Amino acid sequence: MNKNFSEISMELKSGQTSCKTLVDGYLKNIESKKNLNAFITVFDKEKLAKRSEFVDSKINSKSAGKLAGLVVAAKDAIVVRDERNTSGSKILENYISPYDATVIERLEKEDAIIIGKANMDEFAMGSSNENSAYGNVLNPLDTSRVPGGSSGGSVVAVAAGMSTVALGSETGGSVRLPASFCGVVGLKPTYGRISRYGLSAFASSFDQIGPIGNNVEDTALLTEIIAGLDTLDSTCADVPVPHYKDHLNKSVKGLRIGIPKEYFGQGLDKEIESSIRSTMDKLSREGAEIVDVSLPNTEYGIATYYILVTAEASSNLARYDGIRYTHRSQEAKTIAETYVKSRSEAFGEEVKRRIMLGTYVLSAGYYEAYYKKAQKVRTLIKNDFVNVFSKNIDCLLAPTSPTVAFKFGEKTKDPLSMYLSDVYTVNINIAGNPALSVPCGTNSENMPIGIQVISKAFDETMCFRVGHAIEKLV
Ligand code: GLN
(Lines give C-alpha, C1' and ligand atoms only; values in the text may rest on other atoms or scores of the structure.)
Protein backbone atom coordinates (compact mmCIF):
# COMPACT_ATOMS: atom_id res chain seq x y z
CA MET A 1 0.00 0.00 0.00
CA ASN A 2 2.95 2.34 0.45
CA LYS A 3 2.88 4.01 -2.97
CA ASN A 4 3.56 7.68 -3.68
CA PHE A 5 0.44 9.71 -4.23
CA SER A 6 1.61 10.63 -7.74
CA GLU A 7 1.53 6.91 -8.66
CA ILE A 8 -1.85 6.43 -7.00
CA SER A 9 -3.19 9.48 -8.80
CA MET A 10 -2.05 8.11 -12.15
CA GLU A 11 -3.76 4.80 -11.47
CA LEU A 12 -6.96 6.64 -10.55
CA LYS A 13 -6.91 8.74 -13.68
CA SER A 14 -6.24 5.78 -15.96
CA GLY A 15 -9.06 3.80 -14.36
CA GLN A 16 -6.75 1.08 -12.98
CA THR A 17 -8.24 1.67 -9.58
CA SER A 18 -10.92 3.83 -7.95
CA CYS A 19 -11.19 5.84 -4.75
CA LYS A 20 -13.74 3.31 -3.57
CA THR A 21 -11.28 0.42 -3.96
CA LEU A 22 -8.50 2.44 -2.41
CA VAL A 23 -10.50 3.44 0.65
CA ASP A 24 -11.79 -0.12 1.10
CA GLY A 25 -8.17 -1.31 1.06
CA TYR A 26 -7.17 1.17 3.75
CA LEU A 27 -10.21 0.24 5.84
CA LYS A 28 -9.24 -3.43 5.64
CA ASN A 29 -5.76 -2.55 6.78
CA ILE A 30 -7.11 -0.49 9.67
CA GLU A 31 -9.20 -3.46 10.71
CA SER A 32 -6.41 -6.03 10.43
CA LYS A 33 -3.93 -3.79 12.28
CA LYS A 34 -6.33 -2.79 15.02
CA ASN A 35 -3.79 -3.84 17.64
CA LEU A 36 -1.65 -0.80 16.72
CA ASN A 37 -4.48 1.42 18.02
CA ALA A 38 -3.69 4.18 15.52
CA PHE A 39 -7.23 5.57 15.30
CA ILE A 40 -9.63 6.94 17.87
CA THR A 41 -12.40 7.28 15.31
CA VAL A 42 -12.63 5.67 11.87
CA PHE A 43 -15.34 7.38 9.86
CA ASP A 44 -18.57 5.63 9.00
CA LYS A 45 -18.19 3.17 6.10
CA GLU A 46 -21.21 4.45 4.25
CA LYS A 47 -20.17 8.05 4.59
CA LEU A 48 -16.71 7.13 3.24
CA ALA A 49 -18.25 5.14 0.39
CA LYS A 50 -20.38 8.14 -0.60
CA ARG A 51 -17.42 10.45 -0.49
CA SER A 52 -15.28 8.03 -2.55
CA GLU A 53 -17.98 7.65 -5.18
CA PHE A 54 -18.34 11.41 -5.36
CA VAL A 55 -14.59 11.85 -5.96
CA ASP A 56 -14.59 8.95 -8.44
CA SER A 57 -17.31 10.68 -10.43
CA LYS A 58 -15.28 13.89 -10.49
CA ILE A 59 -12.22 11.97 -11.71
CA ASN A 60 -14.31 10.39 -14.45
CA SER A 61 -15.64 13.74 -15.56
CA LYS A 62 -12.14 15.22 -15.40
CA SER A 63 -13.20 17.88 -12.94
CA ALA A 64 -11.33 16.55 -9.91
CA GLY A 65 -9.10 18.62 -7.63
CA LYS A 66 -5.35 18.24 -7.09
CA LEU A 67 -5.74 15.76 -4.24
CA ALA A 68 -8.43 13.55 -5.74
CA GLY A 69 -8.10 10.22 -4.00
CA LEU A 70 -5.56 11.29 -1.40
CA VAL A 71 -6.58 9.45 1.75
CA VAL A 72 -5.74 11.40 4.90
CA ALA A 73 -5.75 10.55 8.61
CA ALA A 74 -6.17 13.62 10.83
CA LYS A 75 -4.84 13.82 14.37
CA ASP A 76 -7.77 13.85 16.78
CA ALA A 77 -7.00 17.46 17.68
CA ILE A 78 -7.93 18.75 14.21
CA VAL A 79 -11.69 19.12 13.98
CA VAL A 80 -13.82 17.63 11.23
CA ARG A 81 -17.44 18.70 11.00
CA ASP A 82 -19.98 16.33 12.58
CA GLU A 83 -17.22 14.05 13.84
CA ARG A 84 -15.93 13.44 17.33
CA ASN A 85 -12.81 15.34 18.40
CA THR A 86 -11.34 14.03 21.66
CA SER A 87 -7.81 15.48 21.59
CA GLY A 88 -6.86 12.20 23.23
CA SER A 89 -8.70 13.26 26.40
CA LYS A 90 -11.58 11.88 28.35
CA ILE A 91 -12.79 15.42 28.95
CA LEU A 92 -13.78 15.65 25.26
CA GLU A 93 -14.97 12.06 24.99
CA ASN A 94 -18.29 12.91 23.36
CA TYR A 95 -17.49 16.26 21.78
CA ILE A 96 -18.77 16.51 18.20
CA SER A 97 -17.36 19.39 16.19
CA PRO A 98 -19.86 21.68 14.50
CA TYR A 99 -17.23 22.93 12.02
CA ASP A 100 -14.19 21.98 9.92
CA ALA A 101 -10.65 23.10 10.63
CA THR A 102 -9.26 25.28 7.83
CA VAL A 103 -6.81 22.54 6.82
CA ILE A 104 -9.67 20.04 6.48
CA GLU A 105 -11.67 22.47 4.38
CA ARG A 106 -8.70 23.03 2.07
CA LEU A 107 -8.02 19.32 1.68
CA GLU A 108 -11.63 18.50 0.90
CA LYS A 109 -11.85 21.32 -1.59
CA GLU A 110 -9.12 19.53 -3.56
CA ASP A 111 -11.02 16.23 -3.22
CA ALA A 112 -8.94 14.52 -0.57
CA ILE A 113 -10.74 11.90 1.54
CA ILE A 114 -10.42 12.10 5.32
CA ILE A 115 -10.63 8.54 6.65
CA GLY A 116 -10.63 9.10 10.40
CA LYS A 117 -9.14 10.68 13.48
CA ALA A 118 -5.79 9.44 14.72
CA ASN A 119 -4.83 8.59 18.29
CA MET A 120 -2.55 10.98 20.16
CA ASP A 121 -1.18 11.93 23.55
CA GLU A 122 -3.77 13.81 25.58
CA PHE A 123 -3.84 17.41 24.34
CA ALA A 124 -0.61 16.66 22.45
CA MET A 125 1.41 16.42 25.65
CA GLY A 126 3.90 13.64 25.32
CA SER A 127 6.75 12.12 23.35
CA SER A 128 5.71 8.47 23.26
CA ASN A 129 1.93 8.25 22.89
CA GLU A 130 1.65 6.69 26.30
CA ASN A 131 -0.53 9.59 27.52
CA SER A 132 -3.67 8.95 25.48
CA ALA A 133 -6.95 8.33 27.32
CA TYR A 134 -7.66 5.88 24.47
CA GLY A 135 -4.66 3.64 25.04
CA ASN A 136 -1.11 3.39 23.71
CA VAL A 137 -0.32 3.41 20.01
CA LEU A 138 2.18 0.68 19.05
CA ASN A 139 5.18 1.07 16.77
CA PRO A 140 4.42 -1.04 13.67
CA LEU A 141 8.10 -1.95 13.26
CA ASP A 142 8.38 -3.42 16.75
CA THR A 143 5.22 -3.49 18.85
CA SER A 144 7.17 -3.58 22.11
CA ARG A 145 8.31 -0.04 21.33
CA VAL A 146 6.59 3.34 21.38
CA PRO A 147 5.78 5.01 18.05
CA GLY A 148 6.78 8.42 19.44
CA GLY A 149 4.38 11.20 20.27
CA SER A 150 2.31 13.09 20.43
CA SER A 151 1.17 12.50 16.83
CA GLY A 152 1.82 8.75 17.11
CA GLY A 153 -1.50 7.66 15.61
CA SER A 154 -1.07 9.88 12.54
CA VAL A 155 2.45 8.61 11.91
CA VAL A 156 1.50 4.96 12.42
CA ALA A 157 -1.44 5.36 10.02
CA VAL A 158 1.04 6.37 7.32
CA ALA A 159 3.80 3.92 8.26
CA ALA A 160 1.44 0.94 8.41
CA GLY A 161 -0.56 1.70 5.25
CA MET A 162 -3.81 2.86 6.83
CA SER A 163 -3.81 6.18 4.95
CA THR A 164 -1.67 7.75 2.24
CA VAL A 165 -0.69 10.76 4.32
CA ALA A 166 -1.64 12.27 7.67
CA LEU A 167 -1.85 15.48 9.61
CA GLY A 168 -0.25 15.77 13.01
CA SER A 169 0.56 18.77 15.14
CA GLU A 170 3.71 20.09 16.77
CA THR A 171 4.40 22.16 19.81
CA GLY A 172 7.85 20.74 20.47
CA GLY A 173 8.56 17.83 18.14
CA SER A 174 5.33 15.85 18.03
CA VAL A 175 5.47 15.28 14.28
CA ARG A 176 9.21 14.92 13.78
CA LEU A 177 9.87 12.60 16.73
CA PRO A 178 7.30 9.93 15.78
CA ALA A 179 8.24 10.32 12.11
CA SER A 180 11.83 9.45 13.03
CA PHE A 181 10.73 6.56 15.30
CA CYS A 182 8.58 4.98 12.56
CA GLY A 183 10.65 5.77 9.47
CA VAL A 184 8.43 8.30 7.71
CA VAL A 185 8.70 11.98 6.71
CA GLY A 186 7.25 14.75 8.88
CA LEU A 187 7.32 18.53 8.67
CA LYS A 188 7.18 21.14 11.41
CA PRO A 189 6.33 24.21 9.34
CA THR A 190 7.31 27.77 10.17
CA TYR A 191 5.11 29.21 12.91
CA GLY A 192 2.32 30.99 11.03
CA ARG A 193 2.68 28.94 7.84
CA ILE A 194 -0.43 26.80 8.36
CA SER A 195 -3.70 27.93 9.91
CA ARG A 196 -4.41 26.70 13.43
CA TYR A 197 -8.13 27.35 13.05
CA GLY A 198 -9.78 24.17 14.28
CA LEU A 199 -6.73 22.75 16.06
CA SER A 200 -7.27 22.13 19.79
CA ALA A 201 -4.92 24.52 21.56
CA PHE A 202 -2.05 23.29 23.73
CA ALA A 203 0.44 26.19 23.64
CA SER A 204 -0.75 28.76 21.14
CA SER A 205 2.56 30.49 20.47
CA PHE A 206 4.09 27.12 19.52
CA ASP A 207 1.30 24.97 18.03
CA GLN A 208 1.48 24.18 14.31
CA ILE A 209 -0.21 21.53 12.20
CA GLY A 210 2.38 19.30 10.53
CA PRO A 211 2.06 17.15 7.37
CA ILE A 212 3.27 13.52 7.40
CA GLY A 213 3.97 11.25 4.41
CA ASN A 214 5.82 8.16 3.30
CA ASN A 215 8.06 10.36 1.21
CA VAL A 216 9.11 13.98 0.76
CA GLU A 217 7.01 14.52 -2.36
CA ASP A 218 3.70 13.62 -0.69
CA THR A 219 4.58 15.69 2.36
CA ALA A 220 5.43 18.69 0.18
CA LEU A 221 2.19 18.40 -1.78
CA LEU A 222 0.12 18.20 1.39
CA THR A 223 1.90 21.26 2.79
CA GLU A 224 1.36 23.26 -0.36
CA ILE A 225 -2.40 22.74 -0.26
CA ILE A 226 -2.97 23.53 3.41
CA ALA A 227 -0.45 26.38 3.89
CA GLY A 228 -1.03 30.09 3.44
CA LEU A 229 -3.02 32.99 4.80
CA ASP A 230 -6.23 32.30 6.67
CA THR A 231 -8.24 35.19 8.04
CA LEU A 232 -9.70 32.88 10.70
CA ASP A 233 -6.28 32.61 12.40
CA SER A 234 -4.70 35.98 13.16
CA THR A 235 -1.26 34.37 13.59
CA CYS A 236 -1.34 32.86 10.10
CA ALA A 237 1.11 34.72 7.86
CA ASP A 238 0.48 36.26 4.48
CA VAL A 239 3.53 34.75 2.78
CA PRO A 240 3.16 33.23 -0.70
CA VAL A 241 3.28 29.42 -0.84
CA PRO A 242 5.63 28.07 -3.53
CA HIS A 243 4.97 25.12 -5.77
CA TYR A 244 7.34 22.87 -3.82
CA LYS A 245 7.53 20.09 -6.39
CA ASP A 246 9.39 22.38 -8.80
CA HIS A 247 12.25 22.54 -6.33
CA LEU A 248 12.55 18.93 -5.23
CA ASN A 249 15.00 17.80 -7.84
CA LYS A 250 17.34 20.76 -7.63
CA SER A 251 20.86 19.67 -6.80
CA VAL A 252 22.41 20.35 -3.43
CA LYS A 253 25.63 21.40 -5.12
CA GLY A 254 26.91 24.66 -3.72
CA LEU A 255 24.53 24.68 -0.75
CA ARG A 256 26.12 25.60 2.56
CA ILE A 257 24.85 23.18 5.18
CA GLY A 258 25.52 24.04 8.81
CA ILE A 259 26.16 21.38 11.44
CA PRO A 260 25.35 22.78 14.89
CA LYS A 261 27.93 21.32 17.26
CA GLU A 262 25.52 21.43 20.23
CA TYR A 263 23.42 18.71 18.58
CA PHE A 264 26.21 16.17 18.69
CA GLY A 265 27.11 16.15 22.36
CA GLN A 266 26.58 13.86 25.30
CA GLY A 267 23.41 11.78 25.17
CA LEU A 268 23.41 11.22 21.41
CA ASP A 269 23.32 7.53 20.56
CA LYS A 270 26.52 6.48 18.75
CA GLU A 271 24.75 4.65 15.94
CA ILE A 272 22.54 7.68 15.29
CA GLU A 273 25.57 9.95 15.20
CA SER A 274 27.35 7.76 12.68
CA SER A 275 24.26 7.54 10.48
CA ILE A 276 23.89 11.34 10.52
CA ARG A 277 27.58 11.83 9.74
CA SER A 278 27.48 9.39 6.87
CA THR A 279 24.47 11.28 5.43
CA MET A 280 26.50 14.48 5.70
CA ASP A 281 29.37 12.83 3.80
CA LYS A 282 27.00 11.77 1.04
CA LEU A 283 25.68 15.32 0.67
CA SER A 284 29.22 16.61 0.63
CA ARG A 285 30.09 14.20 -2.20
CA GLU A 286 27.14 15.71 -4.09
CA GLY A 287 28.82 19.10 -3.81
CA ALA A 288 27.25 20.57 -0.69
CA GLU A 289 29.58 22.45 1.60
CA ILE A 290 29.43 21.20 5.19
CA VAL A 291 30.12 23.98 7.68
CA ASP A 292 30.50 23.73 11.48
CA VAL A 293 28.24 26.20 13.25
CA SER A 294 27.13 26.94 16.78
CA LEU A 295 23.77 27.68 18.40
CA PRO A 296 25.16 28.67 21.80
CA ASN A 297 21.89 28.83 23.74
CA THR A 298 20.79 25.31 22.81
CA GLU A 299 21.21 23.93 26.32
CA TYR A 300 18.47 26.21 27.68
CA GLY A 301 15.86 24.90 25.26
CA ILE A 302 14.17 22.18 27.32
CA ALA A 303 13.84 24.37 30.43
CA THR A 304 12.54 27.32 28.43
CA TYR A 305 10.13 25.14 26.50
CA TYR A 306 8.60 23.47 29.56
CA ILE A 307 8.09 26.80 31.33
CA LEU A 308 6.45 28.49 28.37
CA VAL A 309 4.27 25.66 27.11
CA THR A 310 2.97 24.74 30.54
CA ALA A 311 2.09 28.39 31.18
CA GLU A 312 0.17 28.58 27.92
CA ALA A 313 -1.44 25.18 28.48
CA SER A 314 -2.68 26.11 31.95
CA SER A 315 -4.47 29.05 30.40
CA ASN A 316 -5.74 27.23 27.27
CA LEU A 317 -7.09 24.27 29.21
CA ALA A 318 -9.08 26.47 31.60
CA ARG A 319 -11.94 26.29 29.09
CA TYR A 320 -12.57 22.65 30.02
CA ASP A 321 -14.63 23.39 33.08
CA GLY A 322 -17.33 20.72 33.18
CA ILE A 323 -19.89 23.29 32.07
CA ARG A 324 -19.16 23.49 28.36
CA TYR A 325 -17.91 20.59 26.19
CA THR A 326 -18.47 17.07 27.44
CA HIS A 327 -17.36 15.57 30.71
CA ARG A 328 -19.25 16.71 33.81
CA SER A 329 -18.78 15.02 37.16
CA GLN A 330 -21.84 13.25 38.46
CA GLU A 331 -20.57 13.72 42.02
CA ALA A 332 -20.54 17.51 42.02
CA LYS A 333 -23.13 19.38 44.06
CA THR A 334 -21.95 22.97 43.69
CA ILE A 335 -20.51 24.94 40.81
CA ALA A 336 -17.06 24.95 42.39
CA GLU A 337 -17.24 21.18 42.77
CA THR A 338 -18.29 20.89 39.15
CA TYR A 339 -15.08 22.58 38.07
CA VAL A 340 -12.83 20.66 40.40
CA LYS A 341 -14.34 17.19 40.13
CA SER A 342 -14.93 17.29 36.38
CA ARG A 343 -11.33 18.28 35.75
CA SER A 344 -9.93 15.89 38.36
CA GLU A 345 -11.86 12.96 36.90
CA ALA A 346 -11.25 13.59 33.23
CA PHE A 347 -7.73 14.96 32.84
CA GLY A 348 -4.83 12.52 32.80
CA GLU A 349 -1.73 12.70 34.95
CA GLU A 350 0.52 14.50 32.46
CA VAL A 351 -2.08 17.14 31.71
CA LYS A 352 -2.58 17.77 35.43
CA ARG A 353 1.17 17.99 35.97
CA ARG A 354 1.43 20.63 33.26
CA ILE A 355 -1.53 22.67 34.48
CA MET A 356 0.06 22.78 37.93
CA LEU A 357 3.49 23.68 36.57
CA GLY A 358 2.03 26.34 34.30
CA THR A 359 -0.08 27.87 37.04
CA TYR A 360 2.98 27.97 39.26
CA VAL A 361 5.26 29.74 36.76
CA LEU A 362 2.53 32.32 36.09
CA SER A 363 1.75 32.96 39.76
CA ALA A 364 2.41 36.46 41.10
CA GLY A 365 5.37 35.38 43.20
CA TYR A 366 7.20 33.44 40.47
CA TYR A 367 6.20 35.15 37.25
CA GLU A 368 9.37 37.26 37.05
CA ALA A 369 11.68 34.42 38.01
CA TYR A 370 10.30 31.84 35.58
CA TYR A 371 7.87 32.97 32.92
CA LYS A 372 9.39 36.35 32.18
CA LYS A 373 12.92 35.00 32.22
CA ALA A 374 11.94 32.14 29.90
CA GLN A 375 10.49 34.66 27.45
CA LYS A 376 13.85 36.44 27.40
CA VAL A 377 15.71 33.19 26.82
CA ARG A 378 13.25 32.44 24.02
CA THR A 379 14.55 35.55 22.26
CA LEU A 380 18.16 34.43 22.77
CA ILE A 381 17.39 31.01 21.26
CA LYS A 382 15.55 32.59 18.35
CA ASN A 383 18.50 34.92 17.75
CA ASP A 384 20.87 31.93 17.59
CA PHE A 385 18.99 30.79 14.48
CA VAL A 386 18.78 34.31 13.02
CA ASN A 387 22.54 34.71 13.49
CA VAL A 388 23.49 31.40 11.98
CA PHE A 389 21.30 31.96 8.91
CA SER A 390 22.73 35.45 8.45
CA LYS A 391 26.09 33.85 7.69
CA ASN A 392 25.18 32.45 4.31
CA ILE A 393 23.99 29.13 5.64
CA ASP A 394 21.19 27.55 3.59
CA CYS A 395 20.05 24.96 6.11
CA LEU A 396 21.14 23.03 9.19
CA LEU A 397 21.32 19.28 9.65
CA ALA A 398 20.87 17.55 12.99
CA PRO A 399 19.57 14.32 14.45
CA THR A 400 15.81 14.39 15.13
CA SER A 401 16.09 12.35 18.32
CA PRO A 402 18.93 11.29 20.64
CA THR A 403 17.68 7.67 20.57
CA VAL A 404 15.65 5.35 18.36
CA ALA A 405 12.12 4.34 19.46
CA PHE A 406 12.30 3.16 23.07
CA LYS A 407 10.32 0.44 24.85
CA PHE A 408 6.96 0.99 26.52
CA GLY A 409 7.25 2.05 30.14
CA GLU A 410 10.94 2.91 29.84
CA LYS A 411 10.44 6.61 30.58
CA THR A 412 6.95 6.91 32.06
CA LYS A 413 8.19 6.87 35.64
CA ASP A 414 10.59 9.72 35.02
CA PRO A 415 8.98 12.72 33.26
CA LEU A 416 12.33 14.49 32.96
CA SER A 417 13.90 11.69 30.94
CA MET A 418 10.79 11.73 28.73
CA TYR A 419 11.13 15.50 28.24
CA LEU A 420 14.73 14.97 27.13
CA SER A 421 13.52 13.02 24.07
CA ASP A 422 12.70 16.44 22.67
CA VAL A 423 16.14 17.90 23.22
CA TYR A 424 16.81 18.26 19.45
CA THR A 425 13.35 19.35 18.42
CA VAL A 426 12.03 21.95 20.90
CA ASN A 427 14.45 24.75 20.07
CA ILE A 428 13.15 24.89 16.53
CA ASN A 429 9.62 25.38 17.90
CA ILE A 430 10.87 28.00 20.33
CA ALA A 431 12.46 29.87 17.40
CA GLY A 432 9.57 29.23 14.99
CA ASN A 433 11.69 27.91 12.10
CA PRO A 434 10.66 25.03 9.82
CA ALA A 435 12.25 21.57 10.05
CA LEU A 436 11.69 18.35 8.14
CA SER A 437 12.52 14.93 9.58
CA VAL A 438 13.54 12.38 6.95
CA PRO A 439 14.64 8.76 7.50
CA CYS A 440 18.40 8.36 6.98
CA GLY A 441 19.04 4.77 7.94
CA THR A 442 18.45 2.12 10.57
CA ASN A 443 20.42 0.98 13.60
CA SER A 444 21.73 -2.52 14.32
CA GLU A 445 18.27 -3.51 15.62
CA ASN A 446 16.71 -2.36 12.38
CA MET A 447 14.95 0.61 13.97
CA PRO A 448 14.75 3.77 11.84
CA ILE A 449 16.88 6.85 12.39
CA GLY A 450 15.69 10.35 11.45
CA ILE A 451 17.69 13.37 10.36
CA GLN A 452 16.19 16.86 10.38
CA VAL A 453 16.73 19.63 7.87
CA ILE A 454 16.17 23.00 9.53
CA SER A 455 15.88 26.17 7.48
CA LYS A 456 15.09 29.87 7.59
CA ALA A 457 11.59 31.00 8.49
CA PHE A 458 9.19 30.34 5.59
CA ASP A 459 11.84 28.49 3.60
CA GLU A 460 10.15 25.08 3.70
CA THR A 461 11.31 24.80 0.08
CA MET A 462 14.87 24.28 1.33
CA CYS A 463 13.75 21.60 3.80
CA PHE A 464 11.99 19.70 1.03
CA ARG A 465 14.83 20.12 -1.46
CA VAL A 466 17.54 18.85 0.88
CA GLY A 467 15.18 16.25 2.37
CA HIS A 468 14.47 14.93 -1.10
CA ALA A 469 18.19 14.73 -1.86
CA ILE A 470 18.73 12.75 1.35
CA GLU A 471 15.85 10.44 0.47
CA LYS A 472 17.51 9.63 -2.84
CA LEU A 473 20.99 9.20 -1.35
CA VAL A 474 20.20 6.81 1.51
N1 GLN B 1 6.90 16.04 23.60
C2 GLN B 1 6.67 17.44 23.70
C3 GLN B 1 5.71 17.73 24.82
O4 GLN B 1 5.34 16.83 25.48
C5 GLN B 1 6.15 17.97 22.40
C6 GLN B 1 4.71 17.82 22.23
C7 GLN B 1 4.22 18.43 20.97
O8 GLN B 1 4.99 18.75 20.07
N9 GLN B 1 2.93 18.61 20.89
O10 GLN B 1 5.35 18.84 25.05
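The values are calculated or read from the model by the stated rules, or taken from the named source; none is laboratory data. These numbers come from a predicted model, not from an experiment. Backbone-built Cβ (ideal geometry, glycine too); neighbour counts: all protein chains shown. Heads up: the accessible areas ignore ligands, DNA and RNA and are worked out on the full protein's heavy atoms, side chains in. Shrake-Rupley method; radii C 1.70, N 1.55, O 1.52, S 1.80 Å.
Please tell me if V309 is part of a helix (DSSP H, G or I) and under 29 Å from R193 (Cβ atoms).
yes
Any residue in the range 344-367 that's more than 16 Å from S127 (Cα to Cα): show its pairings with residues that are basic (K, R) at Cβ separation under 6 Å, as long as the two are six or more apart or on different chains.
A346/K90
Considering the range 26-59 alone, what residues qualify as being within 20 Å of N119 (Cα to Cα), open to solvent by less than 80 Å² (accessible area, probe 1.4 Å) and not aromatic (F, W, Y)?
Within the range 26-59, L27, N29, I30, K33, L36, N37, A38, I40, T41, V42, L48 qualify.
Please work out which residue is least open to solvent (accessible area, probe 1.4 Å), limiting yourself to the range 403-437 and to residues that are of a type in the set (K, R) and at pLDDT below 95.
Per the criteria, the residue is K411.
Can we say G116 is in contact (Cβ under 8 Å) with a residue 12 or more places away in the chain, surrounded by fewer than 24 Cβ atoms within 10 Å (Cβ to Cβ) and either away from the ligand (no atom under 14 Å from the Cβ) or under 12 Å from the mean Cα position of the chain (by Cα) (or both)?
The answer is no for G116.
Does the range 312-322 contain at least one residue that is closer than 23 Å to S127 by Cα, open to solvent by 60 Å² or more (accessible area, probe 1.4 Å) and outside any helix (DSSP H, G or I)?
No, the range 312-322 has no match at all.
Can you give me the number of residues within the range 235-259 that are in a loop (DSSP other than H, G, I, E, B) and open to solvent by less than 60 Å² (accessible area, probe 1.4 Å)?
The qualifying residues number 10.
Answer yes or no as to whether Y99 is within 14 Å of L199 (Cα to Cα), more than 13 Å from the chain's Cα centre (by Cα) and in a loop (DSSP other than H, G, I, E, B).
Spelling it out, Y99 is indeed within 14 Å of L199 (Cα to Cα), more than 13 Å from the chain's Cα centre (by Cα) and in a loop (DSSP other than H, G, I, E, B).
Go through (1) surrounded by 22 or more Cβ atoms within 10 Å (Cβ to Cβ); (2) within 16 Å of the ligand (Cβ to nearest atom) one by one and return the number of the condition A227 breaks.
The single condition A227 does not satisfy is (2).
Please find, within the range 156-165, the residue that is nearest to the ligand (Cβ to nearest atom) out of those that are touching a Pro at 6+ places or on another chain (Cβ under 8 Å) and not small (G, A, S).
Per the stated criteria, the residue is V156.
I'd like to check something: does the range 260-270 contain any residue that is touching a Cys at 6+ places or on another chain (Cβ under 9 Å), on the phi > 0 side of the Ramachandran plot and part of a loop (DSSP other than H, G, I, E, B)?
Among the residues of the range 260-270, not one is touching a Cys at 6+ places or on another chain (Cβ under 9 Å), on the phi > 0 side of the Ramachandran plot and part of a loop (DSSP other than H, G, I, E, B), which makes the answer no.
Tally the residues that are touching an Asp or Glu at 6+ places or on another chain (Cβ under 6 Å) and either more than 18 Å from D246 (Cβ to Cβ) or not aliphatic (A, V, I, L, M) (or both), restricting the search to the range 212-222.
0
Can you tell me which of (1) within 16 Å of the ligand (Cβ to nearest atom); (2) outside any strand (DSSP E or B) is the one P211 doesn't meet?
The number of the failed condition is (2).
Consider D82 carefully, then state whether it is modelled with pLDDT of 95 or more and open to solvent by less than 50 Å² (accessible area, probe 1.4 Å).
Answer is no for this residue.
Quick test for you: out of T379, T412, pick the one residue that is among the hydroxyl-bearing types (S, T, Y) and under 30 Å from E289 (Cα atoms).
Matching residue, one of T379, T412: T379.
Looking at this structure, is G153 under 15 Å from N131 (Cβ atoms), more than 10 Å from the ligand (Cβ to nearest atom) and touching a strand residue (DSSP E or B) at 6+ places or on another chain (Cβ under 9 Å)?
Working: under 15 Å from N131 (Cβ atoms): yes; more than 10 Å from the ligand (Cβ to nearest atom): yes; touching a strand residue (DSSP E or B) at 6+ places or on another chain (Cβ under 9 Å): yes.
Taking the combined requirement at face value, the residue satisfies it.
Identify, from the list G161, G153, the residue that is surrounded by 24 or more Cβ atoms within 10 Å (Cβ to Cβ) and at pLDDT 95 or above.
Just a single option satisfies the conditions, and that option is G153.
Which members of the range 442-459 meet the condition of being out of contact with any Ser or Thr (no Cβ under 6 Å at 6 or more places or on another chain) and either under 17 Å from G173 (Cβ atoms) or open to solvent by 10 Å² or more (accessible area, probe 1.4 Å) (or both)?
The answer is T442, N443, S444, E445, N446, V453, I454, S455, K456, D459.
Restricting attention to the range 392-402, report how many residues are open to solvent by less than 10 Å² (accessible area, probe 1.4 Å) and not hydroxyl-bearing (S, T, Y).
Residues meeting the conditions: 6.
With the requirement that a residue be in contact (Cβ under 8 Å) with a residue 24 or more places away in the chain, surrounded by fewer than 16 Cβ atoms within 10 Å (Cβ to Cβ) and not in a loop (DSSP other than H, G, I, E, B), what does the range 2-19 give you?
Within the range 2-19, S6, K13 meet the criteria.
Mind telling me which of the residues E130, E93 ends up being open to solvent by 10 Å² or more (accessible area, probe 1.4 Å), in contact (Cβ under 8 Å) with a residue 60 or more places away in the chain, away from the ligand (no atom under 14 Å from the Cβ) and acidic (D, E)?
Values: E130 fails: away from the ligand (no atom under 14 Å from the Cβ).
It is E93.
Taking the options G148, G168, G186, name whichever one is within 13 Å of the ligand (Cβ to nearest atom) and either surrounded by fewer than 24 Cβ atoms within 10 Å (Cβ to Cβ) or part of a loop (DSSP other than H, G, I, E, B) (or both).
Working: G168 fails: either surrounded by fewer than 24 Cβ atoms within 10 Å (Cβ to Cβ) or part of a loop (DSSP other than H, G, I, E, B) (or both); G186 fails: either surrounded by fewer than 24 Cβ atoms within 10 Å (Cβ to Cβ) or part of a loop (DSSP other than H, G, I, E, B) (or both).
Result: G148 is the single residue among G148, G168, G186 that is within 13 Å of the ligand (Cβ to nearest atom) and either surrounded by fewer than 24 Cβ atoms within 10 Å (Cβ to Cβ) or part of a loop (DSSP other than H, G, I, E, B) (or both).
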